Amino acid sequence: MTLIKTKIGRRAFIRTTTLASGGLVLGFNWLASCKNKTEEEILAMPKEWFEMNSYLKIGDNGVVSIYTPNPEFGQNIRTSMPMIVAEELDIDWKNVVVEQAPYHAEKYGMQFTGGSRGIMTRWEPLRMAGASARHMLVAAAAEAWQVPAEEITTENGVLYHKTSEKSAAYGEMASAAAKITIPEDVQLKEVRDFKIIGKSHKNVDAKRIVTGEPMFGLDYQKEGMLIAMIEHPPAFGMTLKSVDNSAAKAMPGIKDVVAIKSFKDGYEKGGFDTNAFPEIVAIVGNSTWEVLQAKKKLKVEWKPIAAYSETIAGFRGKETKNIPAGLESSASHKAKMEELSSRPGKIVREDGDPAKAFKNAAKVIERTYSAPFLAHNCMEPMNAFAHVEGDKAQIAAPIQIPSLIVPTIASGLGIPAENIAMEMPRMGGGFGRKAYAHYVVEAALISQKVNAPVKLVYTREDDMTNGIYRPAYQATYRAALDQNNNLTALHVKAGGIPESPLFANRFPAGALDNYLAEEWSIDSNITIGAFRAPRSNFMAGAEQSFLDEVAEASGKDPIQFRLDLLKRAKENPVGEQNDYDAERYAGVLELLREKSDWNQTPANVHRGVSAYFCHNSYAAHVLDIRMEEGKPVVEKVVCAIDCGIVVNPDAATNMAEGAITDGIGNAFFGELTFKDGVPQKTNFHQYQMIRMSDAPKEIEVHFVANEIAPTGMGEPPFPPIFGAVANALYKATGQRHYRQPFVTEKQIVG
Amino acid sequence: MASFTLNINGTKQEVDLDPTTPMLWVLRDHIKLVGTKYGCGIAQCGACTIHLDGNAVRSCQLPVSSIGDKEITTIEGLSENGNHPVQKAWLEIDVPQCGYCQAGQIMTASALLKQNPNPSDTEIETAMNGNICRCGTYTRIKKAVKIAANSANA
Ligand code: FES
Ligand code: FES
């Protein structure tokens, strides 16, 4: 057993003085959210709960309620996080109910859904929460039975003392156990003893989802609640000049039309305070339809913004950002990207003597890849409930990082941060978009202004045209080959609007004697944000397409070509700062080669392969395309992933399938362009999303089995699919694909 | 303003509102049945799918004034206890990720199976293509539709 200090997660073990009664429940009855059980399996709720720590409480009847600390957006942590606690607590999963923890900085630290960090960062604290509660139950039993604690064993929620033949269910000992001091250190199970982790468990919310129960942010209801909508500038580079609210205000059901300003003057923004339109107009009324009608009557004048700089206090410290004035267009973006690509960039890494290697090369391959801005298009548009009363605020919003928006709300409202109570209902998708919670700030400000509980709802059009996009990127790769077609040097120069996508220390850095990485960026007033595997979601496609072309030029099998480079990186790495583990990287490729039957391409399909490392995990795909009337049909994707221990395999598989499908959709169709600052797509009649007919007919997901603590899962399978699509399309069409989106023809749907 | 008597999930409901109000908002704001989702408002995503006399329709484009005495079924009324064959298949396959699109997917799928109890893959794709799943659960949805078809035919 591993002895581990509980102090690592010390603050996570605070117990409230009163017994918890279901958290700061405002409107939803979270506890009713029992798992996907048959009627008979649902245990009666206990008469009394005993709180063991901030992650769990045990009922007098043995039901255990586990709080899941991070917000849920479809990654299924509401199942997998409690599984981790239940494992160490040693209980029967069918006696578990799951509750969403509210925002509580002291109890739960950073409640962060994003960066594929959830399971990775909570792995230890959740195990400790379960193990320390188990320890307390054992101590209580030892006390009650007057036997040494070491002689007590547990199984499935029952305490046993073999020699005295005593036994007690957890529920019976819970009251005494809750009085025991939380231990300083606890023993964790060995991986091989896991009974819950590593076995597929059904989504605890599935039953509620398929029966349409209220659970999403947009479903929030409260007595007396008004509906609010916003009107933001029609173009990036514009801001509010004046509003004539008379016509809108006179519309039926309308309570008020107010202008709001999201930041107080002098407020120093954090990294997730991105907001292209901090000054907007809000329409508030009784019902959504009435507000929508009034929105059409609103007369607002907008004016151009002046250029400005701002200091952002982000994760990487303080950064100054320059925001230019003007109305930007995709045509001028393209010209600027070409220009920057052709100039020397900022050198980020240089190994060996790349200039010499290129000079001496027998052959140089140079290719440029680009990808457009993308909108997240979560199916649930941005929305937030807020009720501000005096110096207190209640919030319920679909949000990825509550911890980072509370200071912004507090500043905007002029109230202390500790007076803000926040619930995190399920998000109808996030993909990075709901990490930028300006809509929550807006809801709070509107509620304060109109002095009523308010639910702010973005229309799809508001959502798609509000910014926080995946940036537009471009990368030029050059490879030097010697007489024998061996790769002797690699040069990458990458940039974007407004950030560079480059990861200079990722593969194939470390595998090449001569390597040069440069970057550039172009300032913009179009706002960007994290989008499922930020930067990687472009770099993987560019790099993996390029390596495919180089492998071909070298006359090598594309998988073997990568494995040879990885062998070099493992045995004799160049440089000290290589981000990836060459052995794990090679491991997924080997597993993929085996599972995809790589050497046996099925008849009538064209195969592409691609692999990538990001978010501490490794993912690789083989994608089979068949051409049908000139259109690509994805027959099958075989995927291999190394993300360490897989807590809930079927849920992880579902996520990988989603990442693959999402990636194919974005590679085929994803694109947002601009004209004079105006996004050229506003809704799904223009923005083509992947639909069932374009989704893979079959997806197979394989995990590398190991005992490494879990690493990222939601994002890693996404970036490499872009390369697999490009490489399969090449095989299918004979044409290399350099510019996303790859398939532009519009399909008719609806 | 006008008043309407609607037949929703087998219950008569009185509403008094703007006759142009789409059923989506009647359900969500007035009847407080929020299982039917808003995704686009222009009949492009399928999140708002309900049954009108058993046929799948996009409620965001369906003014309340056009309903008359037709029967409306929403996800909440699809079955007594989540035990419609389509819902059961969804649970068996554990289809949802975020879950937001799934009510609409289930309503479209259940209407399809009523009309065509044995759909081919292409027929499933054609029927389901109006429903976007941003999380990309399409392969599971298709599997679940087939399971539901088989279980209903068994
Ligand atoms: S909301 Fe009706 S189809 Fe999208
Ligand atoms: S499950 Fe999230 S949109 Fe379909």
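Just a few scattered comments:
- Qualifying residue in the range A:306-316 (condition: touching a Pro at 6+ places or on another chain (Cβ under 7 Å), under 28 Å from A:Ala248 (Cβ atoms) and either assigned to a helix (DSSP H, G or I) or modelled with pLDDT of 95 or more (or both)): no
- Filtering the range A:388-443 to residues that are among the charged types (D, E, K, R) and either within 21 Å of A:Gly266 (Cβ to Cβ) or touching a helix residue (DSSP H, G or I) at 6+ places or on another chain (Cβ under 6 Å) (or both) leaves A:Asp391, A:Lys392, A:Glu442.
- Boolean, B:Glu80 is at pLDDT 95 or above and more than 16 Å from ligand 1 (Cβ to nearest atom): no
- Cβ-Cβ distances below 9 Å connect the following pairs, each with a first residue in the range A:356-384 that is under 30 Å from A:Asn466 (Cα atoms), a second residue that is within 16 Å of ligand 2 (Cβ to nearest atom) and in a strand (DSSP E or B), and a separation of six or more residues or different chains: A:Glu380/A:Phe216; A:Glu380/A:Arg426; A:Asn383/A:Phe216.
- Put simply, of A:Glu380, A:Glu350 the only residue that is touching a Pro at 6+ places or on another chain (Cβ under 9 Å), modelled with pLDDT of 95 or more, among the acidic types (Asp, Glu) and not in a helix (DSSP H, G or I) is A:Glu380.
- Taking the range B:59-77 as the range and being more than 16 Å from ligand 2 (Cβ to nearest atom) and at the interface with chain A (Cβ under 8 Å from one of its Cβ atoms) as the test, the residues that pass are B:Thr74, B:Glu76.
- Number of the condition not met by B:Thr108 [criteria: (1) within 16 Å of ligand 1 (Cβ to nearest atom); (2) assigned to a loop (DSSP other than H, G, I, E, B)]: (2)
- Of the residues A:Ser447, A:Ser403, the single one that is of a type in the set (Ser, Thr, Tyr), outside the structural domain of A:Gly670 (by TED's automatic domain parsing), in a helix (DSSP H, G or I) and crowded, with 24+ Cβ neighbours inside 10 Å is A:Ser447.
- If the condition is being over 30 Å from B:Ile42 (Cα atoms) and more than 21 Å from the chain's Cα centre (by Cα), then the range A:679-701 contributes A:Glu698, A:Ile699, A:Glu700.
- If the condition is being of a type in the set (Lys, Arg) and within 16 Å of ligand 1 (Cβ to nearest atom), then the range A:420-468 contributes only A:Arg460.
- Of all residues in the range A:375-392 being crowded, with 24+ Cβ neighbours inside 10 Å and away from ligand 2 (no atom under 16 Å from the Cβ), the one that is farthest from the other protein chains (Cβ to nearest Cβ): A:Val388
Every residue, every condition in (1) on the phi > 0 side of the Ramachandran plot; (2) out of contact with any Cys (no Cβ under 9 Å at 6 or more places or on another chain), yes or no:
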residue: B:Thr20; (1), (2): no, yes
residue: B:Thr36; (1), (2): no, no
residue: B:Cys40; (1), (2): no, no
residue: B:Gly54; (1), (2): yes, yes
residue: B:Leu62; (1), (2): no, no
residue: B:Lys70; (1), (2): no, yes
residue: B:Thr74; (1), (2): no, yes
residue: B:Ser79; (1), (2): no, yes
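- Evaluating B:Thr11 against the criteria (1) out of contact with any strand residue (DSSP E or B) (no Cβ under 9 Å at 6 or more places or on another chain); (2) surrounded by fewer than 24 Cβ atoms within 10 Å (Cβ to Cβ); (3) within 10 Å of another protein chain (Cβ to nearest Cβ) leaves one unmet condition, (3).
Conditions (1) away from chain B (no Cβ under 14 Å); (2) closer than 30 Å to B:Glu80 by Cβ, marked per residue:
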site	(1), (2)
A:Ala178	yes, no
A:Val186	yes, no
A:Lys195	yes, no
A:Ile209	no, yes
A:Ala235	yes, no
A:Val291	no, no
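- Selection within the range A:536-571 - touching a residue at least 60 places away in the same chain (Cβ under 8 Å) and assigned to a loop (DSSP other than H, G, I, E, B): A:Gly555
- Selection within the range A:690-710 - surrounded by fewer than 21 Cβ atoms within 10 Å (Cβ to Cβ) and assigned to a loop (DSSP other than H, G, I, E, B): A:Lys697, A:Val704, A:Ala705, A:Asn706, A:Glu707, A:Ile708, A:Ala709
Table: residues versus (1) surrounded by fewer than 24 Cβ atoms within 10 Å (Cβ to Cβ); (2) within 16 Å of ligand 1 (Cβ to nearest atom).
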position	(1), (2)
B:Pro96	no, no
B:Cys101	no, yes
B:Gln115	yes, no
B:Asp121	yes, no
B:Asn129	yes, yes
B:Ile147	yes, no
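- Residue match in the range A:221-232 (condition: out of contact with any Lys or Arg (no Cβ under 8 Å at 6 or more places or on another chain), within 11 Å of chain B (Cβ to nearest Cβ) and among the β-branched types (Val, Ile, Thr)): no
- Residues of the range A:161-203 satisfying the condition of being acidic (Asp, Glu), without any contact (Cβ under 8 Å) to a residue 40 or more places away in the chain and either under 17 Å from A:Met81 (Cβ atoms) or not in a helix (DSSP H, G or I) (or both): A:Glu165
- Positions within the range A:300-318 being under 26 Å from the mean Cα position of the chain (by Cα) and more than 15 Å from A:Thr527 (Cβ to Cβ), in sequence order: A:Thr311, A:Ala313, A:Phe315, A:Arg316, A:Gly317, A:Lys318
- Where a residue in the range B:90-110 is over 17 Å from A:Gly428 (Cβ atoms) and within 8 Å of another protein chain (Cβ to nearest Cβ) and its partner, wherever it lies, is assigned to a loop (DSSP other than H, G, I, E, B) and of a type in the set (Gly, Ala, Ser), with Cβ under 8 Å and at least six apart: B:Leu91/B:Gly82
- Of all residue pairs spaced 6 or more apart or on separate chains, those with beta-carbon atoms under 7 Å, a first member in the range A:421-434 that is on the phi > 0 side of the Ramachandran plot and within 11 Å of chain B (Cβ to nearest Cβ) and a second member that is near ligand 2 (Cβ under 10 Å from one of its atoms) and of a type in the set (Gly, Ala, Ser) are A:Gly429/A:Gly74.
The values are calculated or read from the model by the stated rules, or taken from the named source; none is laboratory data. All values derive from a computational prediction rather than experimental measurement. Don't worry about glycine lacking a Cβ; one is built from the backbone with ideal geometry, like all the others, and counts go over all protein chains shown.
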